[in-house]
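Chemist: I'd like to ask some things about the structure below.
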Amino acid sequence: MDTVKPIDELTTSLEELLVREFRSLETLVALTKQERQLLSEGDEQQIMRVVEEKEVILDALGLAEDSRRMVTDQIATSLGLGSTCTLNEVIQHLKPPLSDRLARVSEGVSALVNDARDLNVANRAISLSRLDWLDAAQGYLLSFFNTLDTYTPPGVRPSVPSTSVGGIDHKA
């Protein structure tokens, strides 16, 4: 009887940790969608607020994932599977009502991780595109302030010396 109770407690903890991860990932996905909207609007202050919120969620996810791994290892050891089993391997050795619930939550966590990853890749692409646009616009504007003392034939781009604006070197 003593071996069953700890496993029951461990599996309850595992389920709670998986649900916590799921809820955190739902929040992360929502924040990442909000971040995408803010990127398109160019609201830097709100973007920074969302990024800070995402960092807090990611920290909490890291802690929850570490706890989940520890509990999974404890369950695997209690079941005599060794401590290097994956969550899915442990779930396969549990009884059906519990194993079904854990499998569904685990699949949900995996799906949300993929969604968050895809959204972050897209947001990164948007950010890089906006940075490229800003760099091009800055180069164009700086080219108006660079006076050249030498003649260059039409159609040939003159070499522009480096200029420093705001302590940052720029080249047109």
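Okay, residues lined up against (1) surrounded by 12 or more Cβ atoms within 10 Å (Cβ to Cβ); (2) in contact with a Cys (Cβ under 9 Å, 6 or more places away or on another chain); (3) without any contact (Cβ under 8 Å) to a residue 24 or more places away in the chain:
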position	(1), (2), (3)
Glu55	no, no, yes
Ala64	yes, no, no
Thr72	yes, yes, no
Ser78	yes, no, no
Arg104	yes, no, yes
Ala111	yes, no, yes
Asp115	yes, no, no
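Chemist: Same structure again: Evaluate the range 49-65: report whether one residue or more is of a type in the set (Lys, Arg), touching a Leu at 6+ places or on another chain (Cβ under 6 Å) and at pLDDT 95 or above. Outline the logic, then answer.
Modeler: Restricting attention to the range 49-65, the residues satisfying the condition of being of a type in the set (Lys, Arg) are 49, 54.
Within this subset, residues satisfying the condition of being touching a Leu at 6+ places or on another chain (Cβ under 6 Å) are 54.
Then keep just the ones that are at pLDDT 95 or above; that gives 54.
Yes, some residue in the range 49-65 is of a type in the set (Lys, Arg), touching a Leu at 6+ places or on another chain (Cβ under 6 Å) and at pLDDT 95 or above.
Chemist: Sticking with this structure for a sec: May I ask you to list the residues in the range 124-172 that are farther than 27 Å from Ile47 by Cα, modelled with pLDDT under 75 and surrounded by 10 or more Cβ atoms within 10 Å (Cβ to Cβ)?
Modeler: Phe145, Asn146, Leu148, Thr152, Pro158, Ser159, Val160, Thr163, Lys171, Ala172
Chemist: Answer yes if at least one residue in the range 59-82 is in contact with a Lys or Arg (Cβ under 9 Å, 6 or more places away or on another chain), of a type in the set (Gly, Ala, Ser), within 30 Å of Ser127 (Cα to Cα) and in a helix (DSSP H, G or I), and no otherwise.
Modeler: Among the residues of the range 59-82, at least one is in contact with a Lys or Arg (Cβ under 9 Å, 6 or more places away or on another chain), of a type in the set (Gly, Ala, Ser), within 30 Å of Ser127 (Cα to Cα) and in a helix (DSSP H, G or I), which makes the answer yes.
The values are calculated or read from the model by the stated rules, or taken from the named source; none is laboratory data. Everything numeric here is computed off the predicted structure, so don't read it as measured data. Because the Cβ atoms are built from the backbone with ideal geometry, glycine has one as well, and the counts that use them run over all protein chains shown.
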